[in-house]
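Novice: Let me begin by handing over the structure; questions about it come next.
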Amino acid sequence: MQGTDPRRRVRREIVAALIGAEAGAAVGVLGFGSTPLAPLGLAAVGAGVAPLVALGLRHGRHALARRWLRDQIRATRS
């Protein structure tokens, strides 16, 4: 088999960049369709910002999980 292994998962940052680029392009086409290069520029901005948002969301999810686990441990000690 040549190429990448399709069973391996892709990193979240790459997926976030792709989704951000697509969302940015869609906003650019719908909102600024008559302005030249606006969809391309918004796609680039979306691709740059989306991984940062994904990292922030991952950090928030981990913080909630830690808080929940800490509460569970405290409840068993009481």
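Values quoted throughout were computed directly from the atomic coordinates according to the rules given, and no laboratory measurement underlies them. Everything numeric here is computed off the predicted structure, so don't read it as measured data. In this analysis, Cβ positions are derived from the backbone assuming ideal geometry, glycine residues included, and neighbour counts consider all displayed protein chains.
Novice: Once phi is turned into ³J(HN,Hα) by the Karplus curve 6.51 cos²θ - 1.76 cosθ + 1.60 with θ = phi - 60°, what whole-Hz value does each residue of region 63-78 show in order, with x for glycine and proline?
Specialist: Using θ = phi - 60°, the values come out as 5, 5, 5, 5, 5, 4, 5, 4, 5, 5, 5, 5, 5, 6, 6, 6 Hz.
Novice: Using only DSSP helix segments of four residues or longer, with each worth -39500 (n - 2.57), what per-residue ellipticity at 222 nm results for the chain after dividing by its residue count and rounding to 500?
Specialist: Values: 2 runs with 61 residues, N = 78.
Value at 222 nm, helices only, nearest 500: -28500 deg cm²/dmol.
Novice: Test of understanding: in a Gaussian network model of the chain with alpha carbons linked when under 10 Å, which of ALA26, ALA17, ALA50 would top the mean-square fluctuation ranking?
Specialist: Ranking ALA26, ALA17, ALA50 by mean-square fluctuation puts ALA26 first.
Novice: Can you work out the Karplus-derived ³J(HN,Hα) for every residue in region 14-20? Use 6.51 cos²θ - 1.76 cosθ + 1.60 with θ = phi - 60°, whole Hz, and x for glycine or proline.
Specialist: Here the 3J(HN,Hα) series is 5, 4, 5, 5, 5, 5, x Hz.
Novice: I'm checking a number: the convex hull volume of the Cα atoms of the chain, normalised per residue, in Å³. What is it? Could you put the intermediate results ahead of the total?
Specialist: Working: hull volume 10.3 nm³, N = 78.
Taking the convex hull of the Cα positions in the chain, it is 132 Å³ per residue.
Novice: Then there is this: Go ahead and run the numbers for FRET between ARG67 and ARG7, Cβ-Cβ distance against an R0 of 25 Å, rounding to 0.05. Display every interim value, and only then the final one.
Specialist: Details: r = 34 Å, r/R0 = 1.36.
So, using R0 = 25 Å, E works out to roughly 0.15.
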